[in-house]
Amino acid sequence: MKLSREEVIHIAALARMGLSEAEIEKAREQLANILENFEVLKEIDTTNVPPTAQSINLSNVMREDTPRESLAVEQVLANAPDREEDLFKLRPVLE
C-alpha cells in the first residue's frame, strides 16, 4: 500500500514528530512496508481462533507468602531525597 507524502506528514503530526524531508521519505517507505505486511496477515483464516488465543499456555507462578523481618527505618529512608522524621516527604500532588 502506497502512502502519500501528505499522509506521512499527517501521521507524524498525530505522533507529535517533526520529520526532515529525508525522514519523511524513509517513514513513507517503512510505513508502506508495514501496511503491506498487514495485507498479507489479513489473508490468514482466523475464523476458528478465539480473539484471546495465546501461542503458549499461560500460568501464574506464585511463591509462598511467608512473613519475614522488615527493613529498619534507617535502611528504608537511606536514599530518600527528603524525609520528615520517619516518613518520606513529598511535594503535594493535588492542589
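The values are calculated or read from the model by the stated rules, or taken from the named source; none is laboratory data. What you see is a predicted model; the values in this text were computed from it and never measured. Note: ideal-geometry Cβ built from the backbone for every residue, glycine included; neighbour counts use all protein chains shown.
Just a few scattered comments:
- Within the option set SER20, SER55, being over 22 Å from the mean Cα position of the chain (by Cα), of a type in the set (Ser, Thr, Tyr) and modelled with pLDDT under 95 holds for one residue only, SER20.
- Condition check for PHE38: at pLDDT 90 or above and within 30 Å of GLU7 (Cβ to Cβ): yes
- Contact annotation: residue pairs with Cβ atoms under 9 Å, 6 or more positions apart or on different chains, pairing a residue in region 59-76 that is surrounded by 10 or more Cβ atoms within 10 Å (Cβ to Cβ) with a partner that is not in a helix (DSSP H, G or I), are VAL73/ASP86; VAL76/SER70; VAL76/ASP86; VAL76/PHE88.
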